[in-house]
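Report on one structure; see the data block that follows.
The values are calculated or read from the model by the stated rules, or taken from the named source; none is laboratory data. The shown structure was predicted, so the numbers you read here are calculated from the model rather than taken from an experiment. So basically every Cβ, Gly included, is an ideal-geometry build from the backbone, and we count neighbours across all protein chains shown.
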Amino acid sequence: MSKAPDLVKRLLLGRALRSTQLHEQLLPKRVALPIFASDPLSSVAYAPQELLMMLAVAGASFYAYGPWIALAIVLLMAVVVASYRQNVHAYPSGGGDYEVATVNLGPNAGLTVASALMVDYVLTVAVSVSSGVENIGSAIPWIGENPVIAALAIIVLLTVTNLRGVRESGTFFAFPTYAFVIGVLAMVVFGVFRIGVMGDDLTAPTADLEIRAEQHDLAGLAVVFLLLRAFSSGCAALTGVEAISNGVPAFRRPKSRNAATTLLMMGLIAVTMFCGVIALALSSDVRVAENPAVDLVRNGTPVGEGYVQEPILTQVASAVFGDGSIPFIYIAAVTALILFLAANTAYNGFPVLGSILARDGYLPRQLHTRGDRLAYSNGIIILATMAGLLVYAFQAEVTKLIQLYIVGVFVSFTLSQIGMVRHWNRHLRTETDPARRRHMMRSRVINAIGGSTTGFVLVVVLITKFTHGAYIVCIAMPLIFLLMKAIRRHYDRIAEELVPSGEDIVLPARNHAIVLVSKIHKPTLRALAYARATRPSTLEAVTVSVDAAESARLQQEWDALDLPTPLKILDSPYREITRPILDYVRGVRRRSPRDVVTVFLPEYVVGHWWEHLLHNQSALRLKGRLLFQPGVMVVSVPWQLASSDRLKGRAEPPGPGASRRPPRTGSRPGTGSVSDRD
C-alpha cells in the first residue's frame, strides 16, 4: 500500500530523470515549432471569427473592411516577429520580455511585464481549451451540454502530459499541430484554386442568412471605434508570439539562431493561414454574429435560441470541400484538437517565467525547482489550477474570456521593444566597429517601430475592450505586481536578518536540557539516554500533572528505577499541557538569558494514517509552540513502532540493539507523540 502513490506517479509521469539528462530534453526546430507556436498557429480558428463578429455589429456591409483590418494585423505580425528575432539574439537566457525590461527599464518595468505575461498565459489556457470545447461541442452533444466539465478534464490531461517533460510533450503535440497546419493550408490552396482557376462560387452554410445590425447609420468616430474594436479582437492572432523568446534555452545549439528561425517559420505560417481563412470566409459569404439567436435572420425571422453558430473555420471547410466530406471532417477534427493543444504554449512559457521570477526572489522558491521529469512541475500545476478556476468562473464561454485576452501580451510587447531600443542605445555608445554599428542601428529601428506599433495597439485594445471585461485584467495585473513585490521584500528581510554577525559564533554559556515525560516506557528512557549523551550543563525531566494520583504513581515509578535525572512535576489546575511547559521554559530563559534550553520530545512513528486518529498529537502542538521561543532548541527523539517497521518489509520489529531508521521508500510514515495521554 505504501508504494501505491509512487506507482501511480510513475505510471502517469514516467521514471525520474537525472539532472545530467537535461541535454536530452533539448528540442530541434521541428519539435520546438509545435511546442512554442501552437497558440499563434491555432488562433486562426478564432481570431478571424472575432474580427468578423465585431464588424457584424454594423451589418454585413461592414465585412468590406475585413481585408483591410486583416492587412493591418498581418503588418503588425511582421513587425512583432522581426522585433522578437532581435530579442532572441540579444537575450538568449530565456528571460524573454521580463529580462529585457528588467535590464533596460528597471525592476518595476520587468515586474509589470511578468505580471502581464502570467495573466496572459493563464488566459491562453482558458481561452484555447474553452474554444476547443465549443468547436467539438456541436458534434458531441454531451460536451456541448457540459462544457465546464469537459474543459477541466482537458486541462488535467494537458497538465499530466506536460509533467512528463518538455521533449515528451512536444513529441505528443507535434503530430496534431502539423496535421492542422497542413489541413488549413491545403484548404486555402484548394479554395483559391476553385475560385481563381475553376471559377467556382463558394457558398458557406450561413450564406443565406442576413445580419441584423445592432448599430445603424454609424458615422465618424463611431465607425472608427467599431473598426478599432474589430482590429483589437483580430489581434488575438498575435498571442503566443513571445513564447519562443522565453523558451530559447530549450532549443538545441545554436540556440539563438534556431529560435529565430523557428520564430520566422511560425510568423510565415500564421500569416498565410490567417489571410487565407479571412479571404475564403468573405468569398463564401460566411455570416457570424456576437448574438446569433437575435442578429442572424432567415427569411425575415431570427434563427432563435436553438440555433448553434458553427465556427468560421468549419464553415469555410464546408464551402471549400463540401459539408460532411472527408476533408471537412478532417478540418473539424484537427481544429478542435489544435485548440486544445494550443494551451501547450502557456504550459511551456509560464513555468519557465515562474522559475526565473523565483530565482530573482519575486515568487516562492519552489517554482525554481525542476521535477522528476526535469520540468518545472510546480509552475505547471499552478498554471493549471488558475486556468481551471477561470474556466469555472466564466463557465467556459469563449466570448466572455476573449474580452480579457491580449491586453497582457501587448503590455509585454510594448515594454520589451522599448527596452530593446535602450539596449541598442547603450551598446552603440561603446561600439566602434562600423559593420556592427550598422547592424545595431538597423535593429534599433526595427525595435522602435515595434514598440510604437504595439504601444498604439495596446491603447486601442484598452479603449475598445475595457468595459467588456478587460478591466478585470487591469485589476489583476497590479495585484500580481504588488504580490511579487511583497514576496521579494519578505525574502530580502529574511536574508538581512540571517546575515552572520560576530555574536553568532560565540558558544552559549550553558545548555539546560529538559526531557518531556508523560509515562515511563521505552521511548521516554531512550530520550533520557540521548539527552544524557549530549552532556548538557543541566538535565531534568519534566511532566505536567493533570491528575494528582497519576502524577504520584509516576513519581513512585521514577524513584523506583533510581534514574540519575530528577523529575519535576508542573501543576496544571486547568488540565492544560502546553502552557505550563511553555511558562517553565520561559522561566529558565529569563533566569539565564545567555544560556540555551534544549527540549527533548520522545515521539513514536506510526505506519498507518488511521493510527493518527487514536492520538491527540499534543507533543506536535507543543513542538510548534516551542519553535517560536527564542533561545530554545527542540529535539525529536523518534521510536518506530511495529507498523512503521512493516512498511520496510520487516517481519517483526528489530531487537533492542538494532538501528531504527525511518523508511526510505513508500509513503511518509506518520508521527505520534508519546506525550499523548493514550
Task: Criterion: part of a helix (DSSP H, G or I), modelled with pLDDT of 90 or more and over 19 Å from residue 39 (Cβ atoms) - qualifying residue of 191, 144 - done: 191
Open item on the list: For segment 556-582, give me each residue that is assigned to a helix (DSSP H, G or I) and within 25 Å of residue 621 (Cα to Cα).
Closed with: 578, 579, 580, 581, 582
Task: Tally, over segment 2-34, of residues that are at pLDDT 75 or above and crowded, with 17+ Cβ neighbours inside 10 Å - done: 4
Open item on the list: What's the number of the only condition in (1) on the phi > 0 side of the Ramachandran plot; (2) modelled with pLDDT of 90 or more that residue 617 fails to meet?
Closed with: (2)
Open item on the list: Restricting to segment 68-100, name every residue that is touching a Ser or Thr at 6+ places or on another chain (Cβ under 6 Å) and either among the polar types (S, T, N, Q) or under 28 Å from residue 485 (Cβ atoms) (or both).
Closed with: 84, 86, 87, 92, 96, 97, 100
Open item on the list: If a residue must be of a type outside the set (A, V, I, L, M, F, W, C), buried (at least 19 other Cβ atoms within 10 Å of the Cβ) and in contact with a Gly (Cβ under 8 Å, 6 or more places away or on another chain), how many such residues does segment 135-161 contain?
Closed with: 2
- [ ] Select from segment 473-530 the residues that are among the aliphatic types (A, V, I, L, M) and touching a strand residue (DSSP E or B) at 6+ places or on another chain (Cβ under 7 Å) and write down the one among them that is farthest from residue 462 (Cα to Cα).
- [x] 528
- [ ] Among what's in segment 319-343 and is small (Gly, Ala, Ser) and part of a helix (DSSP H, G or I), pick the residue that is farthest from residue 101 (Cα to Cα).
- [x] 319
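Residues checked against (1) of a type in the set (A, V, I, L, M); (2) assigned by TED's automatic domain parsing to the domain that holds residue 539; (3) buried (at least 18 other Cβ atoms within 10 Å of the Cβ):
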site	(1), (2), (3)
562	no, yes, no
610	no, yes, no
623	no, yes, yes
629	no, yes, no
637	yes, yes, yes
Task: segment 208-228 - residue that is among the small types (Gly, Ala, Ser) and part of a loop (DSSP other than H, G, I, E, B) and, of those, modelled with the highest pLDDT - done: 213
Task: Sole exception among (1) at pLDDT below 80; (2) closer than 27 Å to residue 204 by Cα; (3) surrounded by fewer than 24 Cβ atoms within 10 Å (Cβ to Cβ); (4) not hydroxyl-bearing (Ser, Thr, Tyr) for residue 321, by number - done: (1)
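Is it fair to say residue 245 is at pLDDT below 90, of a type in the set (Ser, Thr, Tyr), buried (at least 24 other Cβ atoms within 10 Å of the Cβ) and farther than 21 Å from residue 192 by Cβ? Lay out the reasoning, then the answer.
Details: at pLDDT below 90: yes; of a type in the set (Ser, Thr, Tyr): yes; buried (at least 24 other Cβ atoms within 10 Å of the Cβ): yes; farther than 21 Å from residue 192 by Cβ: yes.
Taking the combined requirement at face value, the residue satisfies it.
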Task: Failed item, numbered, when residue 327 is tested on (1) crowded, with 21+ Cβ neighbours inside 10 Å; (2) in contact (Cβ under 8 Å) with a residue 24 or more places away in the chain - done: (1)
TODO: Among what's in segment 414-452 and is among the charged types (D, E, K, R) and over 16 Å from residue 101 (Cβ atoms), pick the residue that is surrounded by the most Cβ atoms within 10 Å (Cβ to Cβ).
DONE: 444
Open item on the list: Please determine whether any residue of segment 344-359 is outside any helix (DSSP H, G or I), surrounded by fewer than 23 Cβ atoms within 10 Å (Cβ to Cβ), out of contact with any Cys (no Cβ under 8 Å at 6 or more places or on another chain) and at pLDDT 80 or above.
Closed with: no
Open item on the list: residue 482 - would you say it is out of contact with any Ser or Thr (no Cβ under 8 Å at 6 or more places or on another chain), part of a helix (DSSP H, G or I) and of a type in the set (A, V, I, L, M, F, W, C)?
Closed with: yes
- [ ] Answer yes or no as to whether residue 496 is out of contact with any helix residue (DSSP H, G or I) (no Cβ under 7 Å at 6 or more places or on another chain), of a type in the set (D, E, K, R) and under 21 Å from residue 623 (Cα atoms).
- [x] no
TODO: Take segment 589-604 and flag every residue that is within 14 Å of residue 629 (Cβ to Cβ) and acidic (Asp, Glu).
DONE: 595
